[in-house]
């Protein structure tokens, strides 16, 4: 009995993916189409998309009705089945990574500002990490921002506070430096 069951499992003859797997693949392509739609149009050009897909994406950007947009996204998913999705996946991933890196840089700059306002030791640490900054300007901005912070509560985010952030942001390395 066990041998017959084993033979049956080996000879089931399914050479194609299941219907459920095909639906998952189509849904993934539709999601990729939504991610592609989130990219700026200038990022679509290097992908060499077919004209019909390009037009469908442009039309989807204009649709505000929920049901109409849903159906347009299904159409885009259908069109996505006819192209190689890998370049599109790479472009979407690169775009998302760029935004994540920008956000990370802003958060890092904000942490530096908080540390610089909290203690003088942070000033030395910042100067060690960023050797090419103007020390006098940094000290002046830190002093002015601390003065703003110690003043009235509504002046907490004064001009010096914002200028210090801009100075730190400009000193942060861009990319993989």
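The values are calculated or read from the model by the stated rules, or taken from the named source; none is laboratory data. Because the structure is predicted, anything quoted here is derived from the model rather than measured. Quick reminder, even Gly has a Cβ in these numbers, built from the backbone with ideal geometry, and neighbours come from all protein chains shown.
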Test result for residue 70, modelled with pLDDT of 90 or more and out of contact with any strand residue (DSSP E or B) (no Cβ under 6 Å at 6 or more places or on another chain): yes
Hey, residue 145 in contact with a helix residue (DSSP H, G or I) (Cβ under 9 Å, 6 or more places away or on another chain), part of a helix (DSSP H, G or I) and modelled with pLDDT under 85 or not: yes
Answer residue from the range 49-82, given it is outside any helix (DSSP H, G or I) and in contact (Cβ under 8 Å) with a residue 12 or more places away in the chain and is surrounded by the most Cβ atoms within 10 Å (Cβ to Cβ) among those: 49
Filter result for residue 89 (out of contact with any strand residue (DSSP E or B) (no Cβ under 9 Å at 6 or more places or on another chain), under 30 Å from residue 36 (Cα atoms) and surrounded by 13 or more Cβ atoms within 10 Å (Cβ to Cβ)): yes
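Yes/no per residue for (1) closer than 30 Å to residue 46 by Cα; (2) assigned by TED's automatic domain parsing to the domain that holds residue 39:
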residue: 76; (1), (2): yes, yes
residue: 89; (1), (2): yes, no
residue: 92; (1), (2): yes, no
residue: 108; (1), (2): no, no
residue: 116; (1), (2): no, no
residue: 119; (1), (2): no, no
